[in-house]
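Below: one structure, written as structure tokens.
The values are calculated or read from the model by the stated rules, or taken from the named source; none is laboratory data. No experiment lies behind these values; they were computed from the predicted model shown. Ideal geometry is used to build each Cβ from the backbone, glycine not excepted, and the neighbour counts take in all protein chains shown. Heavy atoms of the whole protein, side chains included, go into the accessibility calculation; ligands, DNA and RNA do not. Shrake-Rupley method; radii C 1.70, N 1.55, O 1.52, S 1.80 Å.
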Amino acid sequence: MLSVSFFELKIWVHVCFISFRDMIRLIRACKTAAEERAVIAKECALLRDAFKEDHQDYRHRNVAKLMFIHMLGFPTHFGQMECIKLIAAVSYPEKRIGYLGLMLLLDERQEVLLLVTNSLKNDINNSNQFITGLALCALGNICTAEMARDLASDVEHLLQSNNAYIRKKAALCAVRIVRKVPDLIESFIDPAIRLLGDKHHGVLISGVKLCIELCQASDVALEQFRKQVSTVVRLLRNLVISGYAPEYDVNGISDPFLQIELLKLLRYIGKGDADSSDVMSDILAQVATNTEGNKNAGHAILYECVQTIMAIEAIGGLRVLAINILGRFLAFPDNNIRYVALNTLVKVVSIDTQAVQRHRATIVECVKDSDISIRRRALDLVYNLVNENNVKVLTKELVEYLKVSDPEFKLDLTAKIAALVQKFSPSQRWYFDQMILLMVQAGQFVAEGVTRFLVIVISNASELQGYVVRTLYRSFQDWRGQESLAQVTVWCIGEYGELLVNHSNELQGEDPQTITESDAVDVVETILKDVRVTPITQAFALTALLKLSSRFPQCTERIKALLSGYKRSHILELQQRSNEFESIITRHSSISASLLERMPPLDVDGSSSAMEADAGVYTNRTNLQQPSEALSPKNMNSSAQAEEFTVNLLDVLSFQPIGNPLSPPVSAGDALLNLLGSSLTSPSNVTMFPGFLHLTKPPMIKTWATLQCQFNQNLLVYFLQLWHCKQMASR
Amino acid sequence: MTIRFVLLVNKQGQTRLAQYYEYLTIDERRALEGEIVRKCLARSENQCSFVEHRNYKIIYRRYASLFFLVGVDGEENELAILEFIHCVVETMDRYFGNVCELDIMFHLEKAHFMLEEMVMNGCIVETNKVNILAPIQLMDKSS
């Protein structure tokens, strides 16, 4: 025992029943968490002993200690029986602590609660108002369904008691009963209506709460309350007009809590019912205009009022009044008020967009606020406000802000801007401009689905391809490692490299820039060799190099050298690609031209479903997708020679014919459609399809080409099959 | 539409008063309190007093060394809750006379009694200080 510290010794020496205050002092005096745990463990042990020995006198003190320990987060179930014994005691202070313990330490799931039911019943019918109040309070906080059923009639009886204190508690108790046992709703409707006529504010507040609860729970009750609309309106009017009432006054406004509850009740009554909405519009207008707006209490009332106006069937003038109030809130320097205003505006904007547009400038200012809660709300609101007319202006603002926003926010902001641009762009050129700008600013936050969609649109927009690739080249000059920008640039240069060099399709206002073939290859090389890019982008770059080798014949040697550099890469994909591509360049240069032709315009439909899941946005196809051309034989070779090539190709590369495992001839497109549809998610099946190609029609081929695009496995196989299907289509 | 819990926490993150109006196990409570308090303590003066955490909205206000946090759900009027917090503080001030953190700590049960008179089952019942303090003063007189 020599290791026992002096501190622990102090505990043992202590007389068993230290007072509550002393225990708190003791716990406070602990310097470390371990010490605190030790002290509490000792106390709990002492308490357990005390409970076993059943000391009457100190029971309430012990339960108070238990409560404190519970608050600190330590388990205290051994004390539950004590609480129950205390409740059954006669003296008021003991009962009080007992009930307090009951409410803190127990909850409705404990079986011990059933033992209390009898005590509660006795106490509810006690003559002392405070004891009754205690019982009602306890019932109101933790009663279970069975207890509620047992004691409901008592509570109902008490709702009509003479004592305001009791009525008030009984009303809230009824709220809980109604929630737990919906069958009893009917019996509480009339008493609730009677409560509305009470004078005492406490009773009124609880009464109104009861009414709200009943309205929410049952339509029958709602009907009844609709008839009482004028009573409620009168109550509110009295409050607003009445003079100074000192007990309930808060900063010059009489009982704001009651006013707010009444407004809430009006909201439930008026929703969906034009008649009651008419009756209440006067008073709502009065509250909205007369309430003093420079204290928090006034703001709270105005806020509730606005919410009510927007929820009921209000006339246009009233709605405008409400939105103006919100506009005023937005301009307040106090952050709380602005937050609240933005929150409400988000709900309002779906009902009445026009009115909110007027406050657009203020809202955009809020996007740049220093408080993150406000920024998020404002961004949501702006997103809902965008339409075709203001998309350019708003996007410009948002992109400007993107430059200065902090990283966690950039992710949300980028996603929202991308979604907006996709949905509302007035022209394809603007869309490309914005996307390129976005990628330059926040490339590392742009989602994969968004870049994929961009690539698809580029492939469909044949006149703008030259413009896009040149702009990308220009933007790339100050590249800072953004992944998405690298990917898109490399893909475009690969596909449209010659457009870079020969200035085709130059649009008005473009600076003519002389770009040589080796410049283009430089760009791809930079991306390939940069340490910041991922293997996926490097793979893209290798593919681009291969394509360029056929488009820029002078650079073939250089490209070959670059490719060979990766033949021993420890990343399997890169190694495979570089080996295969190099073999295409060196040994099969005769067919490489046709192999590496421009890809057909990609289909939005096939791959957009995956992207919609990403971007969560409905792609407005009419704007961006041009009528997609079928696989027209733009740059096709003549078919006769092709036949020969097919045979040769298969021999030379000892390319295992994907042996037709399904030999029974499949009838035309339908079966293939099924197969395509069902195995859209399994890349391994895709390579089986070429076997059917000779049976299919051109539209199938296009879809299949898209599929291959998605499941870009064995690149060589892919290219061969693409070329193969072009042959088919040309027949 | 109701108050889910009321917490009083000091600047070091120690809970001084906790009243929950829905059932949570002790571990859940500890975790919840820890997370919320960390969020609130990290905020500065001129940020707004409303924080969203999981499916609750937390409304808080700092008075000297104590944070008063109220967790609500759904569509409760946040500004009204701010008023309510102020009402609680004023009531305690009236009873204890210049209330401070130690008063609440050493008279925890009285603080609970007051809160119970004001909030029942997650709904605000009484905001009149005289009515709230009457039973408590009566009890003090009799004992």
| task | Considering each of A:Ser373, A:Ser350 in turn, give the residue that is touching a residue at least 12 places away in the same chain (Cβ under 8 Å) and within 14 Å of chain B (Cβ to nearest Cβ). | result | A:Ser373
| Out of all the residues in segment A:363-373, is one or more touching a His at 6+ places or on another chain (Cβ under 6 Å) and either in a loop (DSSP other than H, G, I, E, B) or within 30 Å of A:Asp278 (Cβ to Cβ) (or both)? | no
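Could we say that A:Asp255 is of a type in the set (Asp, Glu) and away from every other protein chain (no Cβ under 13 Å) here?
Working: of a type in the set (Asp, Glu): yes; away from every other protein chain (no Cβ under 13 Å): no.
Taking the combined requirement at face value, the residue does not satisfy it.
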| request: Taking B:Thr127 as meeting all but one of (1) assigned to a helix (DSSP H, G or I); (2) open to solvent by less than 20 Å² (accessible area, probe 1.4 Å); (3) of a type in the set (Val, Ile, Thr), write down the number of the exception. | output: (1)
| request: Given the conditions (1) within 14 Å of chain B (Cβ to nearest Cβ); (2) over 29 Å from A:Lys410 (Cβ atoms); (3) in contact with an Asp or Glu (Cβ under 7 Å, 6 or more places away or on another chain), report the number of the one that A:Lys295 does not fulfil. | output: (3)
| task | Give the residues of segment A:159-172 that are more than 8 Å from chain B (Cβ to nearest Cβ) and of a type outside the set (S, T, N, Q), sorted by residue number. | result | A:Leu159, A:Ala164, A:Ile166, A:Arg167, A:Ala170, A:Ala171
| said: Would you confirm, using the coordinates I've provided, whether A:Leu134 is open to solvent by less than 50 Å² (accessible area, probe 1.4 Å) and either more than 10 Å from every other protein chain (Cβ to nearest Cβ) or modelled with pLDDT of 85 or more (or both)? | reply: no
| said: Here's a check for you: in segment A:15-33, which residue that is under 48 Å from the mean Cα position of the chain (by Cα) and assigned to a loop (DSSP other than H, G, I, E, B) is surrounded by the most Cβ atoms within 10 Å (Cβ to Cβ)? | reply: A:Cys30
| So A:Ile142, is it within 9 Å of chain B (Cβ to nearest Cβ), out of contact with any Lys or Arg (no Cβ under 6 Å at 6 or more places or on another chain) and crowded, with 19+ Cβ neighbours inside 10 Å | yes
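For segment B:41-56, check the following and say yes or no: at least one residue is over 30 Å from A:Ile212 (Cα atoms), within 8 Å of chain A (Cβ to nearest Cβ) and either in contact with a Pro (Cβ under 9 Å, 6 or more places away or on another chain) or surrounded by fewer than 17 Cβ atoms within 10 Å (Cβ to Cβ) (or both).
Within segment B:41-56, one or more residues are over 30 Å from A:Ile212 (Cα atoms), within 8 Å of chain A (Cβ to nearest Cβ) and either in contact with a Pro (Cβ under 9 Å, 6 or more places away or on another chain) or surrounded by fewer than 17 Cβ atoms within 10 Å (Cβ to Cβ) (or both).
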| note | Within segment A:513-523, the residues that are surrounded by 23 or more Cβ atoms within 10 Å (Cβ to Cβ) and out of contact with any Leu (no Cβ under 8 Å at 6 or more places or on another chain) are A:Val523
| field | Conditions (1) over 17 Å from B:Glu109 (Cα atoms); (2) open to solvent by 10 Å² or more (accessible area, probe 1.4 Å); number of the one not met by A:Leu47 | value | (2)
| said: Please verify whether B:Phe67 is in contact (Cβ under 8 Å) with a residue 12 or more places away in the chain and within 14 Å of another protein chain (Cβ to nearest Cβ), treating the condition exactly as stated. | reply: no
| said: For the condition open to solvent by less than 10 Å² (accessible area, probe 1.4 Å), at negative phi and modelled with pLDDT under 80, what is the one hit in A:Leu106, A:Leu66? | reply: A:Leu106
| In segment A:69-103, how many residues are farther than 18 Å from A:Val116 by Cβ, over 46 Å from the mean Cα position of the chain (by Cα) and open to solvent by less than 10 Å² (accessible area, probe 1.4 Å)? | 0
| query | Residue check: is A:Leu195 free of Cβ contacts under 8 Å to residues at least 40 places away in the same chain and in contact with a strand residue (DSSP E or B) (Cβ under 6 Å, 6 or more places away or on another chain)? | reply | no
| query | Name the pairs: first residue in segment A:212-226 and within 14 Å of chain B (Cβ to nearest Cβ) and under 24 Å from B:Gly122 (Cβ atoms), second residue open to solvent by 30 Å² or more (accessible area, probe 1.4 Å) and of a type in the set (Phe, Trp, Tyr), Cβ to Cβ under 7 Å, at least 6 apart or on different chains? | reply | A:Ile212/A:Tyr268; A:Cys215/A:Tyr268; A:Gln216/A:Tyr268
| message | Just to check your reading of the model, which residue among A:Leu326, A:Leu342, A:Leu284 is more than 20 Å from A:Ser373 (Cβ to Cβ) and at pLDDT 85 or above? | response | A:Leu284
| remark: Residue hits (segment A:524-554; open to solvent by 10 Å² or more (accessible area, probe 1.4 Å) and more than 18 Å from A:Thr451 (Cα to Cα)) are A:Glu525, A:Thr526, A:Lys529, A:Asp530, A:Val531, A:Arg532, A:Lys547, A:Ser549, A:Ser550, A:Arg551, A:Pro553, A:Gln554
| message | Cβ-Cβ under 8 Å, sequence separation 6+ or interchain: first residue in segment B:12-40 and within 11 Å of chain A (Cβ to nearest Cβ), partner of a type in the set (A, V, I, L, M) and open to solvent by 40 Å² or more (accessible area, probe 1.4 Å). Which pairs? | response | B:Thr15/A:Leu72
| When segment A:160-204 is examined, which residues are found to be over 26 Å from A:Leu263 (Cβ atoms) and not in a helix (DSSP H, G or I)? | A:Gln160, A:Ser161, A:Asn162, A:Asn163, A:Val181
| query | Would you pick out the residues in segment B:71-121 that are within 22 Å of A:Gly202 (Cα to Cα) and more than 11 Å from every other protein chain (Cβ to nearest Cβ)? | reply | B:Val72, B:Val88, B:Val89, B:Thr91, B:Met92, B:Asp93, B:Arg94, B:Tyr95, B:Met114
| said: Condition (residue is more than 18 Å from A:Leu413 (Cα to Cα), within 14 Å of chain B (Cβ to nearest Cβ) and outside any helix (DSSP H, G or I)) applied to segment A:320-333: is it met by at least one residue? | reply: yes
| First in segment A:592-611 and modelled with pLDDT of 60 or more, second anywhere and aromatic (Phe, Trp, Tyr), Cβ under 7 Å, 6 or more apart | A:Ser594/A:Trp723; A:Leu595/A:Phe719; A:Leu595/A:Trp723
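Inside segment A:34-123, counting only helices (runs of 4 or more DSSP H) that do not spill past its ends, which hold 3 or more residues that are among the charged types (D, E, K, R)? Break it down into steps so the answer makes sense when it comes.
Working: elements: A:59-72, A:80-87, A:92-105.
Per the criteria, A:59-72, A:92-105.
Which is open to solvent by 20 Å² or more (accessible area, probe 1.4 Å) and within 24 Å of A:Ser254 (Cα to Cα), of A:Asn324, A:Asn294? Spell out how you get there, then give the answer.
Numbers: A:Asn324 fails: within 24 Å of A:Ser254 (Cα to Cα).
Matching residue, one of A:Asn324, A:Asn294: A:Asn294.
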| So which of A:Ile337, A:Ile301 ends up being more than 28 Å from the chain's Cα centre (by Cα), modelled with pLDDT of 85 or more and facing chain B (nearest Cβ under 9 Å)? | A:Ile301
| task | Inspect segment A:242-249 for any residue being under 39 Å from the mean Cα position of the chain (by Cα) and of a type in the set (Ser, Thr, Tyr) and give the result as yes or no. | result | no
| said: Could you check segment A:109-125 and list, in sequence order, the residues that are at pLDDT 80 or above and within 14 Å of another protein chain (Cβ to nearest Cβ)? | reply: none
